[in-house]
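These notes concern the structure reproduced below.
Rule-based calculations on the coordinates, nothing more; no lab input. The shown structure was predicted, so the numbers you read here are calculated from the model rather than taken from an experiment. As a convention, Cβ positions derive from the backbone with ideal geometry for all residues, glycine included, and neighbour counts pool all protein chains shown.
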Amino acid sequence: MKKLVSIVLTLAIMAVAGWLGWQKWRHYTQNPWTRDGQVRSQVIQITPRVSGTVTRIDVTDNQHVKKGDPLFEIDPSPYRLKVRQAKARLKRARQASRGMKAEYERLKAIYAKDAGAVSQKELLRKEIAYLKSLADVESAREALNAANLNLSFTRVYAPVDGWVSNINFQIGSQATANRPLLALVDEKAFWVFGFFREDAIAPIRVGDRAVVTLMAYPDTPLYGRVESIAWGIAPNDANPGANLLPAVKPVFQWIRLAQRIPVRVKLDTPLPKGVVLRVGMTASVRVLRDANASRPSD
């Protein structure tokens, strides 16, 4: 009897272990999972739109800023001078236009009284000169607007809420138009990339629930939804090599490495208390496809 009980108990334990193993395997295969994940965010390259010497820096590296906060200033003196010059040109153009108008109106009045006193050709010439002077006024006005706009560009402000990063310039540095000076991490644009093996993405669908576990917060899972699945990755082979021939790496026939396809996960907000996201943090991502899988309530 004892031997029979021992056999039955052993078989029961093996059955339970097998069932648990099967459940674990089913959960793993039906809910794709990867440890190759990374936190990302929109990183804005703050680029001055005019050139000049940096005369003021209003932030420090890794400082949090709000949209509209000043970041740095470029020497405005040359641009103020250009504004004054543009104003002078506009004033001169207006005065010249008034003179052209007076001359045209005078000849037009004479022509109205006595058509033979002024030739039609001369009247037309004065009219064209007056219209050209109006165009000169408009051109000078737009030049003044451009000068004022460039002057406003000497003050650079934060376009979004976020954190300033990589300040590697100082007062006295030369800022060049359209060349980035610092980075700004958008605090409202974080997401997670899960890099899944290509043989695991077939069951994943846009809208699936996902669980994200950050290495920095292993006991605080984050939840979200699959927002998109990448349609392609850059090839490693076939880039031009010697003599412009394709450079193809040798592959062992018995080893075939699966490619990694980025799956973008949009995180639910607000985040759990105490969790701070930083670009580049390591994450594990599990997509919940199994109806019996543990998931947060919608």
For helix 77-113, what angle does its Cα long axis make with the longest principal axis of the chain, in degrees from 0 to 90 and rounded to 10? 40 degrees
With the dipole of the chain defined by +1 on each Lys or Arg Cβ and -1 on each Asp or Glu Cβ, the option from His64, Phe190, Met281 whose Cα lies farthest towards the positive pole is His64
Return a whole-number percent for the relative contact order of segment 57-209, with Cα pairs under 8 Å and 6 or more residues apart as the contact set. 37 percent
Please report the net charge: other residues with Cβ closer than 15 Å to the Cβ of Ala175, K and R +1, D and E -1. +1
In vacuum, with every alpha carbon of the chain counted as one equal point scatterer, what does the Debye formula give for log10 I(q)/I(0) at q = 0.07, 0.08, 0.12 Å⁻¹? Two decimals, please. -0.60, -0.69, -0.98
Within the set Ala175, Ala112, Ala183, GNM on the chain using Cα springs under 10 Å gives the largest fluctuation to Ala112
Quick one: the Cα spread of segment 73-165 along its three principal axes, in angstroms, biggest first? 77, 24, 15
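Quote the charge dipole size of the chain about the Cα centre in Debye, to the nearest 20; the model charges only the Cβ of Lys and Arg (+1) and of Asp and Glu (-1). Can you show the working numbers first?
Values: 45 positive and 26 negative charges, 118 e Å.
Taking the Cα centre of the chain as origin, the dipole is about 560 debye.
If each residue of separation counts as 0.36 nm, what is the full-extension length gain between Ala15 and Glu198 once their alpha-carbon separation is subtracted? Provide the component values of the computation, followed by the final result.
Working: separation 183, 0.36 × 183 = 65.88 nm, distance 3.34 nm.
So the extension gain works out to 62.5 nm.
Could you give the dipole magnitude of segment 190-288 about its Cα centre, charging the beta-carbon of Lys and Arg +1 and that of Asp and Glu -1, in debye to the nearest 20?
Details: 12 positive and 7 negative charges, 26 e Å.
So the magnitude is around 120 debye.
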C-alpha long axis of helix 2-30 to longest principal axis of the chain, angle in °: 10 degrees
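Please compute, over every Cα-Cα pair in segment 190-288, the percentage with a separation greater than 24 angstrom.
Numbers: 1861 of 4851 pairs.
Value for segment 190-288: 38 percent of Cα pairs lie more than 24 Å apart.
For a 27 Å ceiling on Cα separation, which of these pairs sit above it: Lys67/Lys266; Lys82/Lys132; Lys91/Lys132; Lys66/Lys87; Lys91/Lys121; Lys91/Lys113? Numbers along the way, then the final one.
Values: Lys67/Lys266 23 Å; Lys82/Lys132 24 Å; Lys91/Lys132 16 Å; Lys66/Lys87 35 Å; Lys91/Lys121 30 Å; Lys91/Lys113 33 Å.
Correct reply: Lys66/Lys87; Lys91/Lys121; Lys91/Lys113.
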Angle, helix 120-152 long axis vs. longest principal axis of the chain, Cα atoms, 0 to 90°, nearest 10? 40 degrees
